[in-house]
Amino acid sequence: MGNVTIITNAIGRFANAMRLYGEAFIRYRGLAAIDREEAIHNLDRAFEQNLESFHTLYDVSQGVFDFHAHPDTSLLIAIRNALHHRDHPLFHSLLQTIWLDGEPERLLGAEYLMARHRTTGGNPPPMMHLIKLEDIYSRLDPRRESVHINPMGKGNALSRFITLENGLAFERVWAKAKKDRYPTKQVYLDLLPIFNSAVSRVFAALDTAGVPFQGFDANAYKSTFIDELKTDLQHFDFFGLRMHALQIELGPKFTIQEASIRRGCTYEKVMEDE
């Protein structure tokens, strides 16, 4: 199984990164009222540090768990690698797109579709990290012939992406966008439920393998992710964010979570059948 102590230390660092991200989220609203750029960058960089620490855990525990065999863990590794190499303009958060990449008034009247996988255990995550769904295709789907495609692993890139696409039910998001006439560039995916699902899967596997979780952060997140956070990767809740005058006036301190409007889900029929 490799050096268990190394894996345990990686779990501890990862848990600490998750705590720091939570603290950045708590501070976000107050800071956004004073300095929107710092608030957004702090939150986005904290999430990216989560991905970096997750990748470190991947590096040292591949002998225990196959990260590429599951769509949630595989996607996190792919996005971390893309952000690490920075050879493209992809994966800006929706916060940055709206508030930092130009004057928000340019977006007046636009509405964004936001898809987040259904949470079935515990409460949905209070925070969102929203990336353009099209960016995932531009980086990972060789059918798009994008100039930003991942240059590594071209031999099995298509089969791997199709497995990921099906495993995360992306076609249901595209169907919703087409039905409600959202432009492709305004369709966003929330990574937090996918992140929670991936961490739950990895923590459960490491716990079953007998890897000890040491320290307050590691043990607190162990129980949360293994026992409470369950995600249905085949179904979505949809939300809309309309850029109206009041939203622009209030600015990013009026968070996406507060400003969004429910736009349906994909599991109503499933619940009726049950």
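The values are calculated or read from the model by the stated rules, or taken from the named source; none is laboratory data. These numbers come from a predicted model, not from an experiment. Because the Cβ atoms are built from the backbone with ideal geometry, glycine has one as well, and the counts that use them run over all protein chains shown. Heavy atoms of the whole protein, side chains included, go into the accessibility calculation; ligands, DNA and RNA do not. Shrake-Rupley method; radii C 1.70, N 1.55, O 1.52, S 1.80 Å.
Quick one: which strands (runs of 3 or more DSSP E) lie wholly within segment 159-274 and hold at least 3 residues that are open to solvent by less than 10 Å² (accessible area, probe 1.4 Å)?
187-190, 230-242
Here is a yes/no grid of residues against (1) within 19 Å of residue 54 (Cβ to Cβ); (2) among the small types (Gly, Ala, Ser); (3) in contact (Cβ under 8 Å) with a residue 12 or more places away in the chain:
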{"residue": "144", "(1), (2), (3)": "no, no, no"}
{"residue": "151", "(1), (2), (3)": "no, no, no"}
{"residue": "184", "(1), (2), (3)": "no, no, yes"}
{"residue": "190", "(1), (2), (3)": "yes, no, yes"}
{"residue": "194", "(1), (2), (3)": "yes, no, yes"}
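Go through segment 49-70 and count every residue that is open to solvent by less than 30 Å² (accessible area, probe 1.4 Å) and either among the acidic types (Asp, Glu) or over 12 Å from residue 14 (Cα atoms) (or both).
3
So for segment 130-151 (the condition being open to solvent by 60 Å² or more (accessible area, probe 1.4 Å) and either among the hydroxyl-bearing types (Ser, Thr, Tyr) or within 30 Å of residue 42 (Cβ to Cβ) (or both)), does at least one residue qualify?
Within segment 130-151, not a single residue is open to solvent by 60 Å² or more (accessible area, probe 1.4 Å) and either among the hydroxyl-bearing types (Ser, Thr, Tyr) or within 30 Å of residue 42 (Cβ to Cβ) (or both).
What pairs can you find where one residue is in segment 198-220 and farther than 24 Å from residue 79 by Cα and touching a residue at least 12 places away in the same chain (Cβ under 8 Å), the other is among the acidic types (Asp, Glu) and not in a loop (DSSP other than H, G, I, E, B), and their Cβ atoms are less than 8 Å apart, with a gap of 6+ or different chains?
Short answer, once both residue conditions are applied: 213/207.
For every residue, the table says whether it meets (1) buried (at least 17 other Cβ atoms within 10 Å of the Cβ); (2) over 15 Å from residue 128 (Cα atoms).
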{"site": "3", "(1), (2)": "no, yes"}
{"site": "6", "(1), (2)": "no, yes"}
{"site": "25", "(1), (2)": "yes, no"}
{"site": "33", "(1), (2)": "no, yes"}
{"site": "40", "(1), (2)": "yes, no"}
{"site": "45", "(1), (2)": "no, no"}
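Is it the case that residue 106 is among the basic types (Lys, Arg) and either in a loop (DSSP other than H, G, I, E, B) or open to solvent by 20 Å² or more (accessible area, probe 1.4 Å) (or both)?
yes
Would you mind stating whether residue 90 is touching a helix residue (DSSP H, G or I) at 6+ places or on another chain (Cβ under 6 Å), open to solvent by less than 50 Å² (accessible area, probe 1.4 Å) and either part of a helix (DSSP H, G or I) or β-branched (Val, Ile, Thr) (or both)?
Against the criterion (touching a helix residue (DSSP H, G or I) at 6+ places or on another chain (Cβ under 6 Å), open to solvent by less than 50 Å² (accessible area, probe 1.4 Å) and either part of a helix (DSSP H, G or I) or β-branched (Val, Ile, Thr) (or both)), residue 90 does not qualify.
Cβ-Cβ distance below 9 Å, separation of 6 or more or different chains: which pairs start in segment 12-34 with a residue that is under 16 Å from residue 50 (Cβ atoms) and end on one that is part of a loop (DSSP other than H, G, I, E, B) and small (Gly, Ala, Ser)?
Cβ pairs passing all conditions: 12/215; 15/215; 16/215.
Report every pair of residues separated by at least 6 positions or lying on different chains whose Cβ atoms are under 9 Å apart, first residue within segment 247-262 and free of Cβ contacts under 8 Å to residues at least 40 places away in the same chain, second of a type in the set (Phe, Trp, Tyr).
Once the first residue is free of Cβ contacts under 8 Å to residues at least 40 places away in the same chain and sits in segment 247-262, its partners that are of a type in the set (Phe, Trp, Tyr) give 247/254; 261/239; 262/238; 262/239.
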